[in-house]
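Every number here is computed from the coordinates shown, using simple stated rules; none is lab data. Just so you know, these numbers come straight off a predicted model, no measurement behind them. As a convention, Cβ positions derive from the backbone with ideal geometry for all residues, glycine included, and neighbour counts pool all protein chains shown.
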Amino acid sequence: MSCIEGKNLSKSYGSMKAVDDIVLSVKSGQVFGFLGPNGAGKSTTIKLLTTLVSPSEGSLTILGIDAIKHPLAIRHKIGVVLQQPSYEPTLTVEKSLEKYGMMWNVSKNECKKRMEVLLRDFDLIDIRKKRNEDLSIGQRRRVQVAREFMHDMELLFLDEPTVGLDPSARRKLLDFLKNKVKTGLTIFYTTHNLSEAEYLCDEIAIIDKGRILTVDSPDALKKRFGKEKTIKIHLLEKQPIVVSLLSRIPECVVDLDNGTTITIHSEQSELVLLQVLKILSENKIEIEDLSAVPTNLEEIFLKVVRDNASNN
Amino acid sequence: MHPIIRLVNRNLTISINPGFLIWQVIFPLIYIFVAGFAYTSLIQQVPFGSKSLDYPSFLASGMIGFNIMNSTLVSGIIIWNDRRHGMFEQIMSGPFTRAHYILSNIATIGIVGLVSASLIALVGYPVFFESVDFTFITIPVIVFAAIAGSVLFGSIASIISTRLRSSEGFNVIINTVFLFFAFVSTAFYPAEGAPEPLKTFFYLNPLTYLVDIIRAGIFGNITEFVIVEMIILASLSSVLFVVATKLLTRLDF
């Protein structure tokens, strides 16, 4: 069953189309990753889906409810962690959680129970009496995410929730979210961190310039776009001539990053590699290190966005 | 619990801290007991309707209106803080409408205004109790003034908070506007006897109406002019409330 159904959704601000005719279908009980470069339209899409703004065109159903006609009914059933920090500076961590639960009409006893669990799960026990204004960015972010679990919800929107978190807190949060999904929660997750998306998401959409470029599972994306492999060669010394030497090889893209690192993208990487090595040897260019980079989501993301930019 | 009550609960929790409460009591106390008695050597009696009030009584009753105005700053601060710290967007993405948010702010202002007025009335009572003339008519008049005044000044603070994002800008504007309201009014001195241009400015200031009505309520001097002032205060409050609501409704995310 789909819990988000958006058809031909657009959002314009004056003449600028922040979201341009997107079609979205998110199944219940999964983590749906929403990836895109800065200014791609991710946050505007989240604002549309969370009913903070109305679409300029198109139709949108969230949890079977028409988002344009009944936004409040939807907001009763969703949780939202927005990209920008949100906190009450003078409240302590535990008071923030307690008051947030109260705002969602959670009973006082239940609030207390949930608060204790969340303080433990998000490593907030030591700072429970600290005021929000005295917390670090990462601690504040943890409180912001933890706070959202003070109330029940069917669908959770997380807009770059791991920004400011250290690697251990990040992994802990991702595992916490994975466990929540097992209990039936659906998560709409935007991030810049592609390894996070690969670790967490069941399905991924890549958005750029307000348009969705592709939607698929991480594995399917790798199969579709992963034919192209990447080879990195580190030279012993700077050799600017290398680019012109290698430009003779067909069906490959060569980048010379800093004069010593050659990155080759090709679908026929083995053949290309042989030719590269031959040319380097003929020209007596010494190699320090050579590695083949397995196809990952980052490569796919960059390729999809790059192809979109060149098509435009 | 109704969403508005939940938001009022939250507003009161975040805005009423010990510092705020102490300030709300200490500040007027200094005015009443220091300035009030210190100026007695200069101003022995202030004519007020058919009565003649001593200056501390006059000042203490003025401080009720002044304190209502000051306490309603809370409204502007809540909205401004919510916008600055991302809570406005967070609340709007929760089970609330903009109407809930606006009404909860008005209710918060009303509560803070009434409590504040009661507090100063209580503290100032020993000063003006000799001249007090409460009746069944005057008490509702005082309550009306406290609520209408709260809505009016709360709306002004809300309007300012919707237009400004920087803390410096917000503080400068709020302090300037409220300083004008405080000192170009009848809170500290009577309009009678003031130079004509200043007197005109007094009556361009809503705090004058609020203070006049509260004084009339406390000292039992409700005249036709006070009724006109009540109408003006109610009209101004309504207009500014509508403007503040419109601006809040149009706030972008």
| query | Which value in nm describes the separation of the simple spin-label points at A:SER136 and A:HIS192, placed 7 Å from the Cα toward the beta carbon? | reply | 1.9
| task | Could you check which residue among B:PHE20, B:PHE170, B:PHE37 shows the biggest mean-square fluctuation in a GNM of chain B with a 10 Å Cα cutoff? | result | B:PHE20
| field | For chain A, calculated [θ]222 nm from helices alone, where every DSSP H run of n ≥ 4 adds -39500 (n - 2.57) | value | -11000 deg cm²/dmol
| query | For chain B, the longest stretch holding no trypsin sites (Lys or Arg not before Pro) located in a DSSP loop with at most 16 other Cβ atoms within 10 Å is which? | reply | B:1-164
| query | How much length, in nm to one decimal, is gained on full extension between A:ASN105 and A:VAL181, taken as 0.36 nm per residue of separation minus their Cα-Cα distance? | reply | 25.0 nm
| query | For the charge dipole of the stretch A:121-280, defined by +1 on Lys and Arg C-beta atoms and -1 on Asp and Glu C-beta atoms about the Cα centroid, which residue among A:PRO167, A:ASN179, A:LEU277 has the Cα displaced farthest towards the positive pole? | reply | A:PRO167
| request: In whole angstrom, note down how far apart the Cα centers of the stretch A:119-135 and the stretch B:162-196 are. | output: 40
| field | Rg [Å, one decimal], Dmax [Å, integer] - the protein assembly as shown, C-alpha atoms | value | 32.0, 113
| message | To test your reading of the geometry: what angle, between 0 and 90 degrees and rounded to tens, separates the Cα axis of helix B:55-71 from the longest principal axis of chain B? | response | 10
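Output the relative contact order of chain B, whole-number percent, from Cα pairs under 8 angstrom with separation of 6+ residues.
26
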| note | Treating only Lys and Arg (+1) and Asp and Glu (-1) as charged, each at its beta carbon, one finds that chain B has a dipole about its Cα centre, in Debye to the nearest 20, of 840
| query | In deg cm²/dmol and to the nearest 500, what is the mean residue ellipticity at 222 nm of chain B if only DSSP H runs of at least 4 residues count, each as -39500 (n - 2.57), divided by the residue total? | reply | -23500 deg cm²/dmol
| query | Across chain A, where is the longest run that never hits GluC sites (Glu not before Pro) in a DSSP loop with at most 12 other C-beta atoms within 10 Å? | reply | A:1-236
| lysines whose Cα lies under 21 Å from that of A:LYS99, excluding same-chain neighbours fewer than 8 positions away | A:LYS77, A:LYS108, A:LYS112, A:LYS113, A:LYS129, A:LYS130
| message | Please compute the modelled spin-label separation between A:SER168 and A:LEU72, points set 7 Å along Cα→Cβ, answer in nm with one decimal. | response | 4.6
| field | Given A:LYS27/A:LYS180; A:LYS11/A:LYS69; A:LYS42/A:LYS229; A:LYS47/A:LYS69; A:LYS47/A:LYS209; A:LYS11/A:LYS42, the pairs whose alpha carbons are separated by over 21 Å | value | A:LYS42/A:LYS229
| query | Can you tell which of A:ILE65, B:ILE109, B:SER161 lies farthest toward the positive end of the dipole of the protein assembly as shown, using +1 and -1 charges on the Cβ of basic and acidic side chains (Lys, Arg; Asp, Glu)? | reply | A:ILE65
| message | Could you tell me which residue out of B:PRO18, B:PRO197, B:ASN70 lies farthest along the dipole of chain B toward its positive end? Charges go on the beta carbon: Lys and Arg +1, Asp and Glu -1, centred on the Cα centre. | response | B:PRO18
| How big is the gap, in Å, between the Cα center of the stretch A:1-78 and the Cα center of the stretch A:176-219? | 15
| How far, in degrees from 0 to 90, does helix B:224-249 lean away from the longest principal axis of the Cα atoms of chain B, to the nearest 10? | 20
| query | Using Cα pairs under 8 angstrom and six or more residues apart, how large is the relative contact order of chain A, in percent? | reply | 19
